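The values are calculated or read from the model by the stated rules, or taken from the named source; none is laboratory data. Quantities reported herein were computed from a predicted structural model and do not represent experimental measurements. Cβ placement follows ideal geometry from the backbone for every residue including glycine, while neighbour counts extend to all protein chains displayed. Surface areas here come from the heavy atoms of the whole protein model, side chains and all, with no ligands, DNA or RNA. Shrake-Rupley method; radii C 1.70, N 1.55, O 1.52, S 1.80 Å.
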Amino acid sequence: QVQLVESGGGLVQPGGSLRLSCAASRSIFSIDTMGWYRQAPGKPRVFVAYITRAGSTYYAGSVKGRFTISRDNAKDTVYLQMNNLKPEETAVYYCNTFPTRDTYWGQGTQVTVSS
């Protein structure tokens, strides 16, 4: 059973930055493309970004140019650097494979963008 543990969330002012981390309980990076997703209050969970095993990336239009996804295969960890955050990006952020697997969802990490 794979476990994904997200961390790095917190309270940040509009325009601020945060770096999220997602640690896997075992090596899945040789197999899967990894992604970040977020769920705002009262809204469905949506795609944010993914990174392939080879390092190619793809972003949702709303975050392109501000967010950067990366991975460290040696540490079985994927990251999401978020810059110039906006209040509407307040959400719980999750990592999973891309496409997602239901059994891989973790608890997520809360990001709150507020002054």
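The table that follows gives values for the structure above.
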quantity	calculated
Strands (runs of 3 or more DSSP E) fully within segment 17-63 counting 1 or more residues that are touching a helix residue (DSSP H, G or I) at 6+ places or on another chain (Cβ under 9 Å), modelled with pLDDT under 95 and open to solvent by less than 70 Å² (accessible area, probe 1.4 Å)	18-24
Residue that is nearest to Val2 (Cα to Cα) [pool: residues in segment 87-115 that are open to solvent by 50 Å² or more (accessible area, probe 1.4 Å) and of a type in the set (Ser, Thr, Tyr)]	Thr103
Scan of segment 3-16 for residues that are surrounded by fewer than 17 Cβ atoms within 10 Å (Cβ to Cβ) and not in a strand (DSSP E or B), ordered by number	Gln3, Gly8, Gln13, Pro14, Gly15, Gly16
Any hit, segment 78-86, residues being on the phi > 0 side of the Ramachandran plot, surrounded by fewer than 20 Cβ atoms within 10 Å (Cβ to Cβ) and touching a residue at least 40 places away in the same chain (Cβ under 8 Å)	yes
